[in-house]
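Read through the structure below, which is laid out as structure tokens, and then see the notes.
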Amino acid sequence: MGQPVVHFEIIGKDAKKLQSYYSELFGWKIDADNPMNYGVVQRDGNTNPDGAGIGGGISGAPEGYDGHVTFYIEVPDVEAALARAESLGGTRVMGPDEVPGMGIVLGHFKDPEGHLIGLVQSAA
């Protein structure tokens, strides 16, 4: 069985504008009431009648970065997955990095065509 896509992410220059835009467009309730102002879109309430759907997040980019749109795959070991991605022709962008207070480890890589892909591992 393959590893699941568990999260999407939209990062841009104006977090509040993007959060408002996607909330209006798709009816998403976006909660950015957290220290990072990361707009969380919960999976609950955002699925089709068969239960398909994933949660995600919409946030601002660091100064000087245009942003990205990506998805995250849950893996048992971010470092091992990044090493495997590199061995297959991908390029490590970041990670593994533990997210303070969240209990998760993240990594990013670019596939051989330059698409940004996220990896997430539960620290538990």
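The values are calculated or read from the model by the stated rules, or taken from the named source; none is laboratory data. What you are looking at is a predicted structure, and each value in this text was computed from that prediction instead of being measured. As a convention, Cβ positions derive from the backbone with ideal geometry for all residues, glycine included, and neighbour counts pool all protein chains shown. Keep in mind that these areas ignore ligands, DNA and RNA; they rest on the heavy atoms of the full protein, side chains included. Shrake-Rupley method; radii C 1.70, N 1.55, O 1.52, S 1.80 Å.
Across the range 1-49, Cα-Cα distances exceeding 15 Å account for 51% of all pairs. Using a Gaussian network model of the chain in which every pair of alpha carbons under 10 angstrom is joined by a spring, one finds that among R84, R43, R92 the greatest mean-square fluctuation is at R84. Between the helical axis of 15-26 and the longest alpha-carbon principal axis of the chain there is an angle of about 70 degrees. Here the sum of -39500 (n - 2.57) over DSSP H runs of 4 or more residues, divided by the residues of the chain, equals -5500 deg cm²/dmol at 222 nm, to the nearest 500.
Residues L25, L82, sorted by accessible area with the largest first, give L25, L82 [1.4 Å probe; ligands and nucleic acids excluded].
With a 1.4 Å probe rolled over the protein heavy atoms of all chains, the accessible area of F71, F8, F26 falls in the order F26, F71, F8, largest first. For the range 1-104, just say rounded, prolate or oblate: build the C-alpha gyration tensor, square-root its eigenvalues into a ≥ b ≥ c, call rounded for a/c under 1.5, and beyond that prolate if a/b exceeds b/c, oblate if not. The shape class here is oblate. Kindly express, to the nearest 10 degrees and within the range 0 to 90, the angle between helix 78-87's C-alpha long axis and the longest C-alpha principal axis of the chain. Taking Cα atoms only, the helix is inclined about 60 degrees.
Ellipsoid semi-axes for the range 21-62, based on the Cα gyration tensor and the rule √(5λ), read 21, 11, 8 Å when sorted largest first. Of all aspartates and glutamates in the structure, those lying under 17 Å Cα to Cα from K17, and not within fewer than 8 positions of it along the same chain, are E9, D31, D33, E63, D66. The GNM of the chain, with springs linking C-alpha atoms under 10 angstrom apart, assigns the highest mean-square fluctuation among V69, V41, V99 to V99.
Taking all protein chains together, T47, T70, T91 sort by accessible area into T91, T47, T70, largest first [probe 1.4 Å]. Since only V99, F26, G67 are under comparison, the one whose Cα sits farthest along the positive direction of the charge dipole of the chain, derived from C-beta charges on Lys, Arg, Asp and Glu, is F26.
Per residue, the solvent-accessible area of the chain (1.4 Å probe, heavy atoms of protein chains only, all protein chains present) comes to 64 Å². Database remark: amide H of H7 closer than 5 angstrom to the amide H of Y72 (H placed geometrically; neighbours at sequence offset of 5 or more, or on other chains; Pro and chain starts carry no H).
Placing +1 on the Cβ of every Lys and Arg and -1 on the Cβ of every Asp and Glu, with no other charges, gives the chain a dipole of roughly 160 debye about its Cα centre. The share of accessible area on the range 1-78 that comes from carbon and sulfur is 53 percent, using a 1.4 angstrom probe.
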